[in-house]
1. Is it fair to say Val39 is β-branched (Val, Ile, Thr) and in contact with a Gly (Cβ under 7 Å, 6 or more places away or on another chain)?
2. Show the residue pairs that are 6+ apart or on different chains and have beta-carbon atoms under 7 Å apart, the first residue being within segment 245-268 and over 20 Å from Tyr281 (Cβ atoms) and open to solvent by 40 Å² or more (accessible area, probe 1.4 Å), the second being modelled with pLDDT under 95 and in a helix (DSSP H, G or I).
3. Quick check on this structure: which one of Leu204, Leu175, Leu212 is of a type in the set (A, V, I, L, M), open to solvent by 10 Å² or more (accessible area, probe 1.4 Å) and within 22 Å of Phe321 (Cβ to Cβ)?
4. All but one of (1) assigned to a loop (DSSP other than H, G, I, E, B); (2) at pLDDT 95 or above; (3) closer than 23 Å to Leu192 by Cβ; (4) open to solvent by 50 Å² or more (accessible area, probe 1.4 Å) hold for Thr305; state the number of the condition that does not hold.
5. For segment 49-72, how many residues are open to solvent by less than 20 Å² (accessible area, probe 1.4 Å), under 8 Å from Val117 (Cβ atoms) and outside any loop (DSSP other than H, G, I, E, B)?
6. What is the one condition in (1) touching a residue at least 40 places away in the same chain (Cβ under 8 Å); (2) open to solvent by 40 Å² or more (accessible area, probe 1.4 Å); (3) farther than 24 Å from Gly161 by Cβ; (4) of a type in the set (A, V, I, L, M) that Ala20 does not satisfy?
7. Kindly state which helices (runs of 4 or more DSSP H) lie completely within segment 142-211 and contain at least 3 residues that are touching a Gly at 6+ places or on another chain (Cβ under 9 Å).
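The values are calculated or read from the model by the stated rules, or taken from the named source; none is laboratory data. The model shown is predicted, which means the values in this text are computed figures rather than measured ones. Every residue, glycine as well, gets a Cβ built from its backbone with ideal geometry; the counts of neighbours run over all protein chains shown. Side chains are part of the model used for accessible areas, which takes the heavy atoms of the whole protein and leaves out ligands, DNA and RNA. Shrake-Rupley method; radii C 1.70, N 1.55, O 1.52, S 1.80 Å.
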Amino acid sequence: MRLDPLGLSGPTRWQARTRAWRRTSRGFYVPASVDAADVEQRILEASVVVPRGMGITGWAAARWQGARWFSGTGTAAAPLPVTILISTFDIRPQPGIELSGEGTSPDRIIDVDGVRVTDPAWTTAFLMRRAVSLVQAVVALDMAAYDDLVSLAEVASIIAGQRSWTGVPQARAALALASENSWSPQETVMRLAWTDGTGLPAPLANRPLFDLTGRHLGTPDLLDPRAGVVGEYDGAVHLARERRLADVRAEERYRQHGLEVVRWLAGDPVDSFRARLLAAYRRTEARMTPLACTVVPPPWWTPTTTVARRRSLTGDQRARFLRYRAA
């Protein structure tokens, strides 16, 4: 709210000086009870200072458009600033807001629930170019694709038109490593660790696995179907009793069908994971019997491994086949 001399549509000047109100930016206030740490509230408060014709971009634009993995926090859970495109406009820097001079065409600015943001493809390309590392650039694309905001092809089209822009080489490299079916940032990190310096082929991400009669065995985080090696990332959620029981049963099914299972536990050094992974590959080389499973789905199975396939689902199908997202 702006100041209101009558105190009807906003606080009076005197009320704004009390503890009952909090200033969010120059000329705008909210009641002090409003949670300043809420991620959507932070984006909304930043939106009122966006210049005409410009928009919010980066993690905040992705989050506002439904990309749930963009939490607005960085290392040590510190809040990240909301990035606003300003082009040639001159607005004052403010706490919690980051200004970017990169302009974009008007058709790339869209209105989502009253907040002007850059569209998903431009937003994701921005995140990839500005990421602190190649790994984080891949994570940005994977997690935007997780909620079907973008496909790899849509982002590639944007990057192709930004040849001389900052960070384009990194974005191109990230495109070559990305997946449309990673289910968490750490799964992406594990997938990249799988191939980095090991000489191993890139594994499939969350590919359903079936026995030779077409029965679904499970959907491992990562899978090399030729070698028969499964990779699973165990974060804190896997410590819960029911989840742990499900993990143990799934691992037993995989082993019964000839697969080697390698787990990467939260906090475990990456070198330890790679050592266990290479050991698993050595064991598969000595295997005498063929695998009793396949990634080829039976005719009744509805694939959801790409953005295009997930976008084509009906509402009922999304509720059923993508229920892992709610979890």
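1. Against the criterion (β-branched (Val, Ile, Thr) and in contact with a Gly (Cβ under 7 Å, 6 or more places away or on another chain)), Val39 qualifies.
2. Pairs found: Ala266/Ala236.
3. It is Leu204.
4. Here Thr305 meets the rest and fails (4).
5. The qualifying residues number 4.
6. (1)
7. 185-195
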